[in-house]
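The values are calculated or read from the model by the stated rules, or taken from the named source; none is laboratory data. This is a predicted model, so every value here is computed, not measured. Note that we place each Cβ from the backbone using ideal geometry, even for glycine, and neighbour counts take in every protein chain shown. Heavy atoms of the whole protein, side chains included, go into the accessibility calculation; ligands, DNA and RNA do not. Shrake-Rupley method; radii C 1.70, N 1.55, O 1.52, S 1.80 Å.
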Amino acid sequence: MDGYSLGDWGLAFTATAGAAAALTGLLFVALSINLRQIIANPGLVGRAVEVLIVLSAALILSVLLLMPGQPSGAAAIETGITAVAVSAVSARIQIRTDRRALGISGLGFAARVIGAHTGPFLLMVGAVSLLAQNGGGLYWVVPALIAMIVVSIIGAWIMLVEIVR
């Protein structure tokens, strides 16, 4: 198994696609249960959108990488575009967030920002590596997808539990 041939990675991408799909369902349940509290606070709406974007990107990229016979160059481009798009949308939401209104400390907000951009950063490393056929390739992409899923779990937890405390 190498980090540059998509054929050997089907099980990993199937697992990340399934996890992202299941967590998207959990997010919608959380949003439904706490809809009034979330809508009442624009910062929480932004956080919900951010989590949805990250989950959707993980799901879509995982499915794209499952396409049979796809050249590694195409996978690298898909991965890089996903990384840039998720990072740009997350950054826009985070810049517009009034962390004081949400009651988030500077350190807590910094952790949110770092967490949200870790997955896309690793995706970009994987995309460049896959394109260059050197440096690990898909061995960067799977941890990136896992990082995106972990960040989304935290975000879904906040939408479901933390906002009612």
Accessible area of the chain divided out per residue, in Å², using a probe of 1.4 angstrom: 50 Å²
Heavy-atom accessible surface of region 1-116: percent carbon and sulfur, 1.4 Å: 71 percent
Average projected area [Cα convex hull, region 48-165], square nanometres: 7.4 nm²
Dipole magnitude of region 62-165, debye to nearest 20 (Cβ charges: Lys/Arg +1, Asp/Glu -1, about Cα centre): 360 debye
Residue among GLY69, GLY80, GLY43 with the largest mean-square fluctuation in a Gaussian network model of the chain, springs linking Cα atoms under 10 Å: GLY69
Viscosity 1.002 mPa s, temperature 20 °C, Stokes-Einstein D of region 102-156 from Kirkwood C-alpha radius, µm²/s: 179 µm²/s
Computed over the chain: relative contact order in percent, which uses C-alpha pairs under 8 Å that are six or more apart: 34 percent
For ILE158, net neighbour charge (Lys/Arg +1, Asp/Glu -1) across residues whose Cβ lies under 15 Å away: +2
GNM top mover of GLY136, GLY106, GLY155 - the chain, alpha-carbon springs below 10 Å: GLY106
Within a Gaussian network of the chain (alpha carbon springs, distance under 10 Å), most fluctuating of LEU64, LEU107, LEU138: LEU107
Cα centroid of region 55-111 to Cα centroid of region 144-165, whole Å: 14 Å
Globularity ratio of region 62-111, using Cα Rg and 2.2 N^0.38 Å: 1.72
